[in-house]
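One structure is given here, and the rest of the page talks about it.
The values are calculated or read from the model by the stated rules, or taken from the named source; none is laboratory data. A quick note: this is a predicted structure, and the numbers were derived from the prediction, not measured. Every residue, glycine as well, gets a Cβ built from its backbone with ideal geometry; the counts of neighbours run over all protein chains shown.
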Amino acid sequence: MSDLTGKKAPAFSLPDQNGKKHALKDYQGKKVLLYFYPRDLTPGCTVEAKNFRDNMKKLQKLDVQILGVSCDDVATHDKFACKHDLNFPLLADTEKKVVEKYGVWTEKSMFGKKYMGIRRDSFLIDEKGKIVKHYIKVNPQKHVEQVLRDVA
């Protein structure tokens, strides 16, 4: 688990819940919070997504674009976004290329069983595409507060 703070953010291009492609280069000149989460429609991921949704006006005032990423497909992202009225893109990394580039596809364990999954990390990327903050193993209930504090 290496901290990517200070490094150039790896490029990506992924479809969102509506099938629209998003590339990091599309957000040049804006701050981006690229947040990785394990699965759509699960308790922790829902709390985190709803907190971003509920704080969107504050984030937009600070010129921060939120992009969520998981390995779920476009249809599952659409269901998640519609069910919770999410107001930001959820990117589908079904081939696990972006989670691997960012180092968040890791071995995890639950009830003594080991498996591969997404570690809940986020990356605050500046207007020039540099990672200014790497949040490792974030708390889904408190993460939006950290981000707001760091960009204010």
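With the structure loaded, tell me whether F88 is touching a Lys or Arg at 6+ places or on another chain (Cβ under 8 Å) and under 24 Å from P15 (Cβ atoms) or whether it fails that test.
Here the answer is yes, as F88 does meet what is asked.
Of all residues in region 90-131, count the ones that are surrounded by fewer than 20 Cβ atoms within 10 Å (Cβ to Cβ) and either more than 16 Å from T42 (Cα to Cα) or of a type outside the set (D, E, K, R) (or both).
Summing the residues that are surrounded by fewer than 20 Cβ atoms within 10 Å (Cβ to Cβ) and either more than 16 Å from T42 (Cα to Cα) or of a type outside the set (D, E, K, R) (or both) in region 90-131 gives 25.
D40: at pLDDT 95 or above and either surrounded by 14 or more Cβ atoms within 10 Å (Cβ to Cβ) or within 11 Å of the chain's Cα centre (by Cα) (or both), yes or no?
Taking the combined requirement at face value, the residue satisfies it.
In region 122-133, is there at least one residue being in contact with a Gly (Cβ under 9 Å, 6 or more places away or on another chain) and more than 19 Å from A11 (Cβ to Cβ)?
No, the conditions are met nowhere in region 122-133.
Going through I118, I66 one at a time, which residue ends up being closer than 19 Å to A152 by Cβ and out of contact with any Cys (no Cβ under 6 Å at 6 or more places or on another chain)?
I66
Being of a type outside the set (A, V, I, L, M, F, W, C) and either within 19 Å of N18 (Cα to Cα) or touching a Lys or Arg at 6+ places or on another chain (Cβ under 8 Å) (or both) is the requirement here; does E100 meet it?
So E100 fails the test.
Does T76 satisfy being in contact (Cβ under 8 Å) with a residue 24 or more places away in the chain, over 27 Å from S2 (Cα atoms) and surrounded by 14 or more Cβ atoms within 10 Å (Cβ to Cβ)?
yes
Report yes if some residue within region 109-130 is hydrophobic (A, V, I, L, M, F, W, C) and not in a strand (DSSP E or B); otherwise report no.
Yes, because at least one residue in region 109-130 is hydrophobic (A, V, I, L, M, F, W, C) and not in a strand (DSSP E or B).
Restricting to region 108-139, what's the tally of residues that are within 15 Å of C71 (Cβ to Cβ), without any contact (Cβ under 8 Å) to a residue 60 or more places away in the chain and of a type outside the set (F, W, Y)?
2
With N87, N51 as the choices, which residue is polar (S, T, N, Q), out of contact with any strand residue (DSSP E or B) (no Cβ under 8 Å at 6 or more places or on another chain) and over 18 Å from Y135 (Cβ atoms)?
Result: N87 is the single residue among N87, N51 that is polar (S, T, N, Q), out of contact with any strand residue (DSSP E or B) (no Cβ under 8 Å at 6 or more places or on another chain) and over 18 Å from Y135 (Cβ atoms).
How many residues are of a type in the set (A, V, I, L, M, F, W, C) and more than 17 Å from K137 (Cα to Cα) when one looks only at region 1-51?
Of the residues in that region, 8 qualify.
Answer with yes or no whether V147 is in contact with a helix residue (DSSP H, G or I) (Cβ under 9 Å, 6 or more places away or on another chain) and modelled with pLDDT under 95.
no
Which of (1) farther than 23 Å from K7 by Cβ; (2) assigned to a loop (DSSP other than H, G, I, E, B); (3) of a type in the set (D, E, K, R) is the odd one out, the single condition E145 does not satisfy?
(2)
T106 is checked against (1) among the polar types (S, T, N, Q); (2) part of a strand (DSSP E or B); (3) closer than 20 Å to Y27 by Cα and fails just one. What number does that condition carry?
The failed condition is (3).
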